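Everything below concerns the one structure shown next.
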Number of protein chains: 2
Amino acid sequence: MTYLFLRAAQKMNGVNAHCEDVLGFSHAEGQHFLNEAFKIIFEEAVRKGIDKNEKVCVWQDPAQLEKLLDLDLRDCGETHDQLLSRVRDVAKYSVKTNHPRFFNQLYSGVDYHALVGRLLTETLNTSQYTYEVAPVFVLMERVVLTKLRSMVGWSSGDGVFCPGGSMSNMFAMNLSRYHTFPQVKQQGLWSLPRLAVFTSQESHYSVMKGAAFLGIGTDHVYSVKTNQQGSMDADDLEGKIMLARSQGAVPLYVNATAGTTVRGAFDPLDRIADICEKHGLWMHVDAAWGGSVLFSEKHRHLVKGIDRANSVTWNPHKMLTTGLQCSAFLVRDTTNLLQRCHSANATYLFQQDKFYDMSLDTGDKTVQCGRKVDCLKLWLMWKAIGTKGLAERIDRAFAMARYFAEEMEKREGFQLLYEPQFVNTCFWYIPPSLRGKENTTDYKDRLSKVAPAIKERMMKQGTIMVGYQPLNGEINFFRMVVVSPHISLRDMDFCLDEIERLGKDL
Amino acid sequence: MTYLFLRAAQKMNGVNAHCEDVLGFSHAEGQHFLNEAFKIIFEEAVRKGIDKNEKVCVWQDPAQLEKLLDLDLRDCGETHDQLLSRVRDVAKYSVKTNHPRFFNQLYSGVDYHALVGRLLTETLNTSQYTYEVAPVFVLMERVVLTKLRSMVGWSSGDGVFCPGGSMSNMFAMNLSRYHTFPQVKQQGLWSLPRLAVFTSQESHYSVMKGAAFLGIGTDHVYSVKTNQQGSMDADDLEGKIMLARSQGAVPLYVNATAGTTVRGAFDPLDRIADICEKHGLWMHVDAAWGGSVLFSEKHRHLVKGIDRANSVTWNPHKMLTTGLQCSAFLVRDTTNLLQRCHSANATYLFQQDKFYDMSLDTGDKTVQCGRKVDCLKLWLMWKAIGTKGLAERIDRAFAMARYFAEEMEKREGFQLLYEPQFVNTCFWYIPPSLRGKENTTDYKDRLSKVAPAIKERMMKQGTIMVGYQPLNGEINFFRMVVVSPHISLRDMDFCLDEIERLGKDL
């Protein structure tokens, strides 16, 4: 019956049941479209995407952009020509994060080898849970994680790639909880004493999100003071641990940060490790941003003591420019804690009578089921330029950031907030109208409006993108971030010139 | 000083400070590599990846594969020719999930428009958190989610794309908890009574993982019985709610499944909605697998009542072949619950003095920070074939699965476990040596070894990939899943022929 229905349906669609031409698209047509579309992607998103003569963004008002893009989804499909112009439009109106004038986030620039890794990953479209469906990637992930761990200083351990650093940080918090109180997996938090976790006031907001999501609650996150550079005050950490105890909570977990999001500050890891050892706490290092300094002989002192941590988050999609997403969660444990903590032993996926070594089915180490392949882009890039090439890039980014700060000090109107530790440079641009007015009552109010006003102009003119924010009582300031290996000194100069040009009349 | 260092470093590397040629790779070289690599990706992963004359997988023993791939990461980089052969090798030894003989997971096949969407997403490499860096995708995600919600039957609501269905299901559980007990975000679970969540014994294991991760604990997941088809027994659900109450727990959340992972069963949503309303529980529908039946006039009755849910998980990366990952988490709520539950209001990202409508910065609706763009691949595919085209694909997959089951019944040695409801077909292959031996004492023991043995042979010969598993006391059986729009009746016949060929001597 249904067989006849199918034959009839196929006939209606003008389709031969024994050929590939179904529902209007043959493989041949599809492949032709793919090749045509790739040419457009290459031209619009790659070639123009890095061209200084093109804008970093083409600002459109949301209502206008919605109209331009004709986003509505309809009953009937479109021709390939229409679709190709949609590909062109999406590229045209998207922000060019590969562009040498994009400094807005902790990721920027393009590495062509990593990009090839991403395109191949998307084309192969498999899930990183079993050796059966991802043989190459199971082995590759193991090698990449082992290499990253060895750079942290661990000759053994475990790990998994996560969908972003926030998830990696949550994994750490969950793991620490399970490690200390294994009954939590079955019995929940009701069977545990009230827990306390510790993180600096400049750490990433994912610690708060994680505490809420994991049922611990943000009230149980103790905010540790930072010093003038933005690094955790270790004495205050110890004070907060005592405070938590005095309030009847059980200190569990310290999140130390290697490279804070805004200021790029590094917490004193050795000191924190001492405190964690003394009090028996899990030490996690959120090195999502700063972990890549491990490549640099010159700068890796910033994370001295990281090898004493129990777990580390490290996002190569930031400073190593692998492309989103690539977040490694690394664990020092060698007792299969990660799998014991997260596993559910689904019999349809992790059958125990497979014909190969089932320890290769690593999917139960995560709380995800299907999981994207995140190792190939990093692996291919690493193969392309080697550990030394990656190290040079890190050193170069530091030198670029230093140059930027030094040049700034030569110019009137630029004021550094702090001597930068890392590749984040935080500064105010003070327009001529405000210079020498530091003591007037409305100075701070007026200065706080400068960065947003310049930001609006840079976006609307599409010449450059740099982020701004307030922090710890400091009014709005710019945060310049240097990542991309293709950035030149000229780009640094341009950035200063452009902020001056955009803001001098404010 | 550092400026001089930089000049020196650049000179040492033979690099001009004012050009793009840094660290050995110019844009020109990189772009040339990208184009060469794309040709290889096209040939090896696309063209050969769907060719029936090529293997679906090239099985290698892990130790052998590791050697073949030369995975080690070294100090020095490689030439472009070496890297191109690495691209070729990764493609060669990877499983071809686009292949018409790949039936191993709930995803399979290739949609070329979706693939183009993925390649463009990777090239643009941005994060889906603010309008500032993802203007096109913020608007596009809103349109796509609105459209998916309208298919569920909601004219308003909220939603976000998540890194996989497990995360979407966790979001639902967290949202229900916050909805009923908003103090949990700050105070944690210690401030709440013991909670109880309910899910069928055939539901996805992410409910258990979620309960553990969220601190609720797997003991507080009440497993509800299923009927002969694998659908939740609504009477037992009500019984379990009473049981939980009698044990001092507060019933919170029911996870109903639309399309179970193994059997493809649909829970009775209307009945479950009645029970949830009566008892004041949050109703979530895990329609990760089955949600796509909403496209089909003929089959959408399977999810009748889904509009009465509070939240829905729906993964277009499964039946709609958008490619991994594409998991929509949809919410009926119109009070900004999603953002209130998950937000942390980071000032460096979600500044409140931006020059555009800041409600477009949707990044705080999720527990992630950086988030991959998952909407473009679905949007472009939808534009390409329209709602009608997608509907035809769903109907066709059902018809293919029916054909497969009907053909099986004509053949000796194939035995259906149940009449399929969906596009999963569960069956045993019984080799001649076991036919008529149903009453012998070792029959089950021997039959349970047949599927793993055939599986090993199919993988080693690379002719086909179909999954197997035990379930609810039933010994190992095959689960055939039809998804890809390019599958033909001949592929269905081939699958049966091949299992017979591989297993007849067992």
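Within 10 Å of the Cβ of each residue in B:40-47, the mean number of Cβ atoms contributed by other protein chains is 4. Each Cα pair of the protein assembly as shown feeds into the Kirkwood radius, which the Stokes-Einstein equation turns, at 10 °C and 1.306 mPa s, into a diffusion coefficient of 54 µm²/s.
Listed by chain and number, the lysines whose alpha-carbon sits under 17 Å from that of A:K383, ignoring those within fewer than 8 places in the same chain, are A:K147, B:K67.
Measuring between alpha carbons in the structure, the pairs from B:K48/B:K449; A:K52/A:K504; A:K298/A:K318; B:K92/B:K504; A:K318/A:K449 lying more than 25 angstrom apart are B:K48/B:K449; B:K92/B:K504; A:K318/A:K449.
Inter-copy label distances at A:G248, using a point 7 Å along Cα-to-Cβ, come to 1.8 nm with the shortest given first.
Taking other Cβ atoms within 10 Å as a rough exposure proxy, B:I40, B:I50 sort from fewest to most as B:I40, B:I50.
Taking other C-beta atoms within 10 angstrom as a stand-in for reagent exposure, A:R490, A:R194, A:R446 fall in the order A:R490, A:R446, A:R194, fewest first. Judged by the mean number of other Cβ atoms found within 10 Å, the most tightly packed of the peptides B:398-404, B:70-76 leads the ranking B:398-404, B:70-76.
Convex hull volume of the C-alpha atoms in chain B, normalised per residue: 197 Å³.
Given 20 °C and 1.002 mPa s, how large is the Stokes-Einstein diffusion coefficient of segment B:126-374 in µm²/s, with Rh as the Kirkwood radius over Cα pairs? Stokes-Einstein gives a translational diffusion coefficient of 117 µm²/s. Each Cα pair under 8 Å and six or more residues apart adds its separation to the average, and for chain B the resulting relative contact order is 18 percent.
Computed over segment B:148-278, relative contact order equals 24 percent, with contacts defined as Cα pairs under 8 Å that lie 6+ residues apart. Counting only residues at least eight positions apart within a chain, or on another chain, the lysines with an alpha carbon under 22 Å from that of B:K185 are A:K185, A:K209, A:K240, B:K209, B:K365.
The Kirkwood radius of segment A:21-96, taken over pairs of alpha-carbon atoms, gives through the Stokes-Einstein law at 25 °C and 0.890 mPa s a diffusion coefficient of 175 µm² s⁻¹.
Let me make sure I get this right: for segment B:270-406, a, b and c are the square roots of the gyration tensor eigenvalues over alpha carbons, sorted descending. Under 1.5 in a/c it's rounded, otherwise prolate if a/b > b/c, else oblate. Which is it? Verdict is oblate for segment B:270-406. Near B:A45, once Lys and Arg are set to +1 and Asp and Glu to -1 for all other residues with Cβ below 12 Å from its Cβ, the sum equals 0.
Phi-derived couplings, Karplus 6.51 cos²θ - 1.76 cosθ + 1.60 at θ = phi - 60°, listed residue by residue for segment B:435-443: 5, x, 9, 3, 9, 6, 5, 9, 4 Hz, with x used for Gly and Pro. By the helix-only formula, in which each DSSP H run with n ≥ 4 contributes -39500 (n - 2.57) and the sum is divided by residues, chain A has a 222 nm mean residue ellipticity of -12500 deg cm²/dmol. Using a 7 Å projection from Cα along Cα-to-Cβ, the label point at A:K278 is separated from the same position in the remaining copies by 6.0 nm, smallest value first.
Fewest neighbouring Cβ atoms within 10 Å first, the residues B:H301, B:H317 line up as B:H301, B:H317. The mean count of C-beta atoms from other chains within 10 Å of the C-beta of residues in B:156-166, rounded to a whole number, is 3.
Between the alpha-carbon centres of segment A:449-475 and segment B:193-240 there is a gap of 49 Å.
Read-outs throughout are calculated quantities, based only on the coordinates presented, and are distinct from any laboratory measurement. As the structure is a computational prediction, the values presented were derived from the model and not from experiment. All Cβ positions, glycine included, derive from the backbone under ideal geometry; neighbour counts span all protein chains shown.
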